[in-house]
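Reviewing the structure listed below.
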Amino acid sequence: MNIIESIIIAIVEGITEYIPISSTGHMIITEKLLGVEENDFVKVFTVAIQLGAILSVLVLYRKKFFDLKNISFYLKLAIGVIPAIVLGFLFSKKIDALLDSSTTVALALLLGGILLLFIDNVFTQNKIHNEKELSFLKAFIIGCWQCLAMVPGVSRSAASIIGGMQQQLTRHAAAEFSFFLAVPTMLAASGYKLFKYYRQNAGFSNHELQLLAIGNLVAFIVALLAIKFFIGFLQKHGFKVWGIYRIILGVLLLALIYKGYLPA
């Protein structure tokens, strides 16, 4: 992977992290289209630069995250991230194996797209308007929903937002809690991947550190803009347009795989 490729992949990550179309799925396909060689560092890069995008939430919602008096907020995030930490640790190797599969991404995009076509009509009576009204149990259940995104192509934001709406949060409240929950989730996932790679390879090369730094910075800047766009768009248009996009992209990817233009 070179610097230009890392920048392109980071732009894709920043745009797609908060939109329910799967940032990991888009990065995997982008890497394959760019001809990036598949290796352990590329897998780490794909996960680690999501941290840059996630940290943009700390900037946009800094009053919420740095209100040390609101202990219940931190407890809800801690409880919500437990399922991802446990399952991520237990199934790390299987999750890594899925990162090589274009077919998995395509099918997950397609099936998730079909679900998003109808999701706005399913949860129409939701009454929880902010995180303060959310119980600890509901936070844990949303965290369980988030684990579906361990399959590349599912979308962490889509899984956790749908989980939030299933737990009676409004669209806006579910989206915001999804953003909040992403912070500890990606801190844990990125930290684990980086530490594991560091231990197995006796550190990072200067080139690898440069790629990680550039990737995270670019993803951070792009994600700042993407969050504001998504919240406004979601309020006006809901999820249907993203469902249509996912279906079209999933079918297109399956066709490219079938024709041999993308590795399965």
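The values are calculated or read from the model by the stated rules, or taken from the named source; none is laboratory data. Remember, predicted model here, so these are calculated numbers, not experimental data. In this analysis, Cβ positions are derived from the backbone assuming ideal geometry, glycine residues included, and neighbour counts consider all displayed protein chains.
Just a few scattered comments:
- Among the residues of segment 150-163, those identified as assigned to a helix (DSSP H, G or I), in contact (Cβ under 8 Å) with a residue 24 or more places away in the chain and surrounded by 24 or more Cβ atoms within 10 Å (Cβ to Cβ) are ARG156, SER157, ALA158, ILE161, ILE162.
- Subset of segment 52-90 [among the β-branched types (Val, Ile, Thr) and closer than 25 Å to GLN167 by Cα]: ILE54, VAL57, ILE71, ILE79, VAL81, ILE82, ILE85, VAL86
- In segment 37-87, the residue that is surrounded by the most Cβ atoms within 10 Å (Cβ to Cβ) out of those that are polar (S, T, N, Q) and in a helix (DSSP H, G or I) is GLN50.
- The residue pairs whose first member lies in segment 123-140 and is closer than 15 Å to GLY80 by Cα and hydroxyl-bearing (Ser, Thr, Tyr), whose second member is in a loop (DSSP other than H, G, I, E, B) and at pLDDT 85 or above, and whose beta carbons are closer than 9 Å, counting only pairs six or more residues apart or on different chains, are SER135/GLN167.
- Extreme residue, farthest from LYS43 (Cα to Cα), among residues of segment 115-140 that are surrounded by 15 or more Cβ atoms within 10 Å (Cβ to Cβ) and aliphatic (A, V, I, L, M): ILE128
- Among the candidates PHE45, PHE73, PHE66, PHE41, the residue that is among the aromatic types (Phe, Trp, Tyr) and at pLDDT below 90 is uniquely PHE66.
- Only one entry of LEU249, LEU234, LEU211 meets the criterion of being in contact with a Ser or Thr (Cβ under 9 Å, 6 or more places away or on another chain) and surrounded by 17 or more Cβ atoms within 10 Å (Cβ to Cβ), and that entry is LEU211.
- The set of residues in segment 90-106 being aliphatic (A, V, I, L, M) and surrounded by 17 or more Cβ atoms within 10 Å (Cβ to Cβ) consists of ILE95, LEU98, LEU99, VAL105, ALA106.
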